[in-house]
Amino acid sequence: MVLKNIVNTIAILFYIFVFLVVSYQITNAIFGRTWTTENIIISALGIIITGLFMIAGFLINQGKTLGVLEERTMNVRDSLVRLGDDFKDHLSKEHENN
């Protein structure tokens, strides 16, 4: 779990670094200094694709969490159904004894 957090932190820092470099180059291009338009577009697409992978990872994690929650909910439902059946059996036995 610690390794996962370290890798996530490094990926986020790398993403921020690349975003800052591309932002700087875009600012330079606006003032007519460096980088051609094609390089800026390719870099921006790289940032967008990286962001999409980060979002996809987040969604996969949310899907796993939802699956665990759904499984726990089903377990609680099954327990409540069994408890209700036991209670009905108990009431029917009490009713038969009276």
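The values are calculated or read from the model by the stated rules, or taken from the named source; none is laboratory data. Small disclaimer: the values here were computed from a predicted structure and weren't measured. Using ideal geometry, Cβ is built from the backbone for each residue, glycine included, and neighbour counts are taken over all protein chains shown.
List of remarks:
- Qualifying residue in segment 40-48 (condition: modelled with pLDDT under 75 and assigned to a helix (DSSP H, G or I)): yes
- So K4, is it free of Cβ contacts under 8 Å to residues at least 12 places away in the same chain, among the charged types (D, E, K, R) and exposed (fewer than 10 other Cβ atoms within 10 Å of the Cβ): yes
- Verdict on V7 being modelled with pLDDT of 80 or more and assigned to a helix (DSSP H, G or I): no
- Candidate set: segment 36-60, residues that are polar (S, T, N, Q) and under 17 Å from Y15 (Cβ atoms); chosen: the one surrounded by the fewest Cβ atoms within 10 Å (Cβ to Cβ): T50
- Near pairs, Cβ below 9 angstrom, 6+ apart or cross-chain, from segment 36-52 (on the phi < 0 side of the Ramachandran plot) to any residue that is among the small types (G, A, S) and in a helix (DSSP H, G or I): T36/A29; T37/A29; N39/A29; I40/A29; T50/A11
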